[in-house]
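Take a look at the structure below.
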Amino acid sequence: MESAHNHKKHVLITDIGTFLGSTLALSLIKDHFTVYGVGVKRIPQDLLSSHNFVLLEMDLSQPLPQYLPHFDVIFDLSMLEKNRGISQTPHISPQISNSVMLARQKGSRVIIFSSVKTDEDFYNHITSNQKDLEEKIALVLIGDVYGPKMPLSDENKLTNLIKQAVQTDKIILDHEGLEHVYP
């Protein structure tokens, strides 16, 4: 029987195919976590070939299957794609609701990533000001994420500049350089 000290931690990462999701997964695998991922786009081969990675083919917006293991931590990245450019309180998706349910029922710690433009009341909206949930749920607000091995196919102004610098060693600014580009 495995002792609590030797228990390998199980982590679930939603939207594993995003740059942030796959990078986070690879980092956790290096730290000896078992990582479960949900998502289908652009999953790196080194992640798919890892013995400590399990790709779950399921829709997290549907009722969760009973066979899921206990997850010590859930990294929910679903808000990053859905609320780009939204500054008001975003709608709580069924996926976020399921993550909150896992925190409540199974004691998982849930870390929800959302855009820096997210309204400050969103956390209170998620936890409904319930103390038991406030200890299990964290909201991390982030902007665009860039780094080594990032996919250069994403089309936004800054990624386009990085792509030009990497591929051609020169940068041509759109609109004669009159448009502001912020990281």
Enumerate by residue number the trypsin sites (Lys or Arg not before Pro) in region 18-86 meeting two conditions: DSSP loop (anything except H, G, I, E, B), and at most 12 other Cβ atoms within 10 Å of the site's Cβ. Lys41, Arg84
Region 2-79: C-alpha gyration tensor shape, a/c 1.5 cut-off, then a/b vs b/c: oblate
Starting with the highest mean, order 17-27, 132-142, 62-72 by the number of other Cβ atoms within 10 Å, averaged over the residues of each peptide. 17-27, 132-142, 62-72
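Every read-out reported here was derived from the displayed coordinates using simple, explicitly stated rules and does not represent laboratory data. What you are looking at is a predicted structure, and each value in this text was computed from that prediction instead of being measured. Glycine also receives a Cβ, built like all others from the backbone with ideal geometry; neighbour counts cover every protein chain displayed.
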